[in-house]
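Enquirer: One structure follows; several queries about it will come next.
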Amino acid sequence: MKVIFLGTGTSQGIPVIGSTHPVCLSADKKDKRLRVSVMIKHNDRVYVIDCGPDFRQQMLNQNASQLDAILFTHEHADHTAGLDDIRPFFFKQGDIPVYAHKRVLKSLRKRFDYIFETENKYPGAPSVEENIITNAPFFIENFKVTPINGMHNILQVFGFRFKDFAYLTDMKTVAEKEIEKLQNLDVLVVNALREKEHLSHFNLEEALAFIDKVKPKKAYLTHISHWLGFHEEVQKKLPENVYLAYDGLTLNL
Ligand SMILES: [Zn+2]
């Protein structure tokens, strides 16, 4: 299994439009962060978690020519706004399977009505195959996925475990019984927005405490704001086996 970080930035990305913050002006490529998403390659299949506004650029960056499913964590725009750009995959492969909570599908149906339209569909509009997921393991073909339920302030969010890899973003609280699903991980990815506390995201301290509790072999931080600081400087402050993810980072698991 291969995991590629397509984007590691918070909702506005880094740089933020018009910002003169030093991190936004940084020349270090690792300080350029598109909106969060990962690509998972397994047995000749290609899956992505979330499909934000940078999806098109992310697919171009990876020379992607195949997309077998999209799994959605939640409906916020930084995780969903790129859905229209599945068109090249749809033209080649037909309906693209999407896996999401029924609330998320309802939200997508409202915002991308033309994608979900069945009668008098506009020619050229893409289509998806809807798969409702609940907080129970499911299979994409024969690939087992275990959802991890969390809260993004008052909004339910899914994280996902595939084998000994788990990806959790936009979490603020995770119940103990959900943490139990994260035993014996080789790699845990978790959101860490900035140092200051935030209403709906782990800050750095909360993310590190969560990692300490889960005890994966390695952990990577994502959904990063420019307020967290320069990649190179933040990395130096992190405990052993905890790393800041960056766009393009590839893990072979
Ligand atoms: Zn987000």
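Enquirer: Return His42, His101 ranked ascending by Cβ neighbour count within 10 Å, so the fewest neighbours appear first.
Expert: His42, His101
Enquirer: Taking Rh as the Kirkwood radius, which is the inverse of the mean 1/r over Cα pairs, what is the Rg/Rh value for region 204-253?
Expert: When Rh is taken as the Kirkwood radius, the ratio is 0.94.
Enquirer: Which whole-number percent is the relative contact order of the chain (Cα, under 8 Å, 6+ apart)?
Expert: Over the chain, the number comes to 19 percent.
Enquirer: Per DSSP H run of n ≥ 4, the term is -39500 (n - 2.57); total these for the chain, divide by its residue number, and report the mean residue ellipticity at 222 nm rounded to 500 deg cm²/dmol.
Expert: My calculation for the chain gives -5500 deg cm²/dmol from helical runs alone.
Enquirer: Same structure, new question: Can you give the extra length, in nm with one decimal, that the chain gains between Asn153 and Lys121 once fully stretched, where that is 0.36 nm per residue apart less the Cα-Cα distance?
Expert: Net length gain for the segment: 7.8 nm.
Enquirer: Calculate the spin-label point distance for Ala77 paired with Glu176, positioning each point 7 Å from the Cα along the beta-carbon direction, and give it in nanometres.
Expert: 4.0 nm
Enquirer: In addition: From the P(r) of the chain, can you give the percent of Cα pairs sitting at distances over 24 Å?
Expert: 44 percent
Enquirer: Same structure, new question: Cut-off is 10 Å between beta-carbons; in what order do Met59, Met39, Met151 appear when sorted fewest neighbours first?
Expert: Met151, Met39, Met59
Enquirer: What value in Å³ per residue do you get for the convex hull of the alpha-carbon atoms in region 117-253?
Expert: Normalising the Cα hull of region 117-253 by residue number yields 167 Å³.
Enquirer: For Asn131 and Lys215, what is the calculated FRET efficiency with R₀ set at 35 Å and r taken between the beta-carbons, to the nearest 0.05?
Expert: Using R0 = 35 Å, I get an efficiency of 0.65.
Enquirer: Suppose the chain between Val16 and Phe138 were pulled fully straight at 0.36 nm per residue; how much longer would it get relative to their current alpha carbon spacing?
Expert: 40.2 nm
Enquirer: I would also like to ask the following. Which ³J(HN,Hα) values, rounded to whole Hz and listed in residue order, are derived for region 67-81 from phi using the Karplus coefficients 6.51, -1.76 and 1.60 in 6.51 cos²θ - 1.76 cosθ + 1.60 with θ = phi - 60°, glycine and proline given as x?
Expert: In residue order, the calculated couplings are 9, 9, 5, 10, 10, 9, 7, 6, 8, 4, 4, 5, 10, 9, 5 Hz.
Enquirer: Here is a further query. When DSSP assigns beta bridges and you keep just the ones with both residues in region 2-252, what percent turn out antiparallel, to the nearest 5?
Expert: Expressed as a percentage, antiparallel bridges in region 2-252 total about 55.
Enquirer: Based only on other Cβ atoms within 10 Å, what is the fewest-to-most ordering of Arg33, Arg103?
Expert: Arg103, Arg33
Enquirer: Another one. Determine, for each peptide in 72-82, 105-115, 190-200, 135-145, the mean count of other beta carbons within 10 angstrom over its residues, then list the peptides with the highest first.
Expert: Top to bottom by mean Cβ count within 10 Å: 72-82, 190-200, 105-115, 135-145.
Read the figures in this text as sums done on the coordinates, not as results from a lab. Keep in mind the model is a prediction, meaning the values are calculated, not measured. Every residue, glycine among them, receives a Cβ derived from its backbone with ideal geometry; neighbour counts consider all protein chains shown.
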